[in-house]
Structures are given as structure tokens and as C-alpha cells.
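Before any comments, here is the structure.
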Amino acid sequence: MAKYRQIHLTFWQDPFIEELQPLEKYFYLYLMTNSKTTQCGCYEISMKLVKYETGLTQKQIDSFIDSLVEARKIHYNEQYSEFLILNWLKHNSFKSPKVKSCIMGEMEFLKNRVYIDFINSILNGNTPTDSLSIVYPKSIDSGSQQEQEEEQEYNKNNNITTKEKETTYEDVFNYCLTLDLINHKTYTGDMTKAMKRAEKELKIDCNYMKKMLKRHNEKVKATANNEHPVKKRPLAEFFGQTKYKSSSLICSDYLDEIYQEVKNGYNGANQEDESVKGYNPDDFFREREERKARERLNQ
């Protein structure tokens, strides 16, 4: 295949690109044009090479990856050093048999099963090419037979019908619309899957989910004028996606214990003290994850 990549002329007028800082634009463009890019939009590249070719520091690269992941423009798997440009196949046609054959060949070298399934879904016409969500691996989408049986047993023991369960999730959706968050147009299956995941992993119910959304709304407003404001999260992303470089769900930041600890730490900080000046609760979450990782290593 040709050793060049096409960039649309409207790239620089895209509203998302216009909001980026110069180095962020540079890095995003690099992810789409470096020598490791593929026809399928997913590739492996070492951080050593990224730093060498861009001249950026590791801290800058981590920050840019974080922003692009949160904006749902890319996904990055640290374990395999694989990047996935989510809307790549929207802007690069794969209708030609020769191109499709090339993509299939490239996919044989990919290691992340979720990315492979995502690309296959697009090639088979099952996933819109402009979809920015691959929150759920196949196993989470459908659930194992055992998980389905366990959920059915739980609903049966608690006299909960499937219809009642869906209605409860929709109540959370309707509550979300009353807040100053994302103005979703319709309730989707992805939202149901996300809330089921949060319910199972965090052992919470729908009333608690509403409390989490309220706290998220408050945090978005409270940090609106900060250097690093908290971004509004779509419902499916809030309950179903994990934080960058973490196995914890995004919504877990709003569990009682964690939320109160951060809130108390933030409110109690002496803003005149240079060591805490510009304190951002998000720093706490990152430090907390790092602390947990160190503790696991020392065990």
C-alpha cells in the first residue's frame, strides 16, 4: 500500500481541533501520520520512538493521550503499546477489496482483542464508523452464560422483572437530563450496559447512580474556571468506561468514601501555601492510583 496518509483539508477547521493547544494538534496529527500507522487505524508503537520523533517529554505525551482518550478520539492500550484512531475508517475508505485485504492482514499482528473486534464490526457493517465508544469488550456486551443466569436469579429472588429493571435505568437517564450535563437525545442500549456494569462492579443501585451524577454535575460546575476543569461525561462513558491507566470506573470517583475524602482535602487546603496552591482534586485520584500500584508491588 502507499506510504502516505491523507488528511482532510477541513481538519484545521474542525471544532475539536480549534480548541486544542498547538502541541496537542501536533501530537494528534503525529498519531495519524507516523511511520507505524496502518490502513486499519490501529498500530503498535513504542514510547521511546514517540518521544524521539516528536521531541515531546513523557509527561506531555501522557497528558495528550489522556485528553484524546477523554475526548473519545483515540484509545490506547499501555500493555501492548497499541493506539486505535477511533474514526480512522470513517475518513479512509475500505470498500476496495485490495484495501480490505490489507486491513485483514494488518489485523493479524494486533494483540488487543477488543480493538480487533471493534475493527471487525466496522468491516462487517455492524458498528458505525464514527462511533467513538468501545467501552465494552465482547464479553461485557453479551455477558457469559453464568453471569446472565446469576442476574436472572437475582431478579427472581428480588421480584424484579426485566421491564422494571429497564425502567429504573431509564429513571437514571431522565434524572441526568435534569442536570447541566450532556443533553442526550435518546436512551440507548449502551447506557443500559454501562449502568449494569457499574451496578455489578461497585455494588450500587440506581438511586446511588443518581447521587453520583449529582456529584459529577457539582464537580463540573466547581472546576469550570480551573486550569484543568472536570469534563462533562456522557452517561454510558460515566458508568461504563474505566479511567485512563486505571481499572477503576470513571464513576467510582463519586463513591461516598472517595468523594468526601477529596472534598475535605480540597476544602481544607490552605490556598496561600505554595505546596497546595492550585490544588486539583483530580491530582488526588492520580496519586491514589499510584499509591495503590506501589502497595501492590510491595506485597
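Just so it is clear, none of the values below were taken in a lab; they were calculated from the coordinates. This structure is a prediction, so every number in the text was calculated from the model and none was measured. Please note: Cβ atoms are built from the backbone with ideal geometry, for glycine as well, and neighbour counts cover all protein chains shown.
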DSSP-loop trypsin sites (Lys or Arg not before Pro) across segment 165-229, with at most 12 other Cβ within 10 angstrom: 185, 203
Using a Förster distance of 51 Å, the FRET efficiency for residue 124-residue 60 (Cβ separation, nearest 0.05): 0.85
Set 25/231; 51/210; 100/231; 48/193; 25/203; 90/232 screened for pairs whose C-alpha atoms are more than 31 Å apart: 51/210; 100/231; 48/193; 25/203
Efficiency of FRET between residue 13 and residue 70 - r from beta-carbon atoms, R0 25 angstrom, step 0.05: 0.70
Förster-model FRET efficiency, 35 Å R0, residue 79 and residue 174, C-beta, rounded to 0.05: 0.40
Segment 9-134: relative contact order as a whole-number percent, Cα under 8 Å and 6+ apart: 25
Test item: Cα-centred dipole of segment 9-134, Lys/Arg +1 and Asp/Glu -1 on Cβ, debye: 380
Links that overshoot a 32 Å alpha carbon limit, given the list 185/219; 111/214; 73/211; 95/200; 59/196: 111/214; 95/200; 59/196
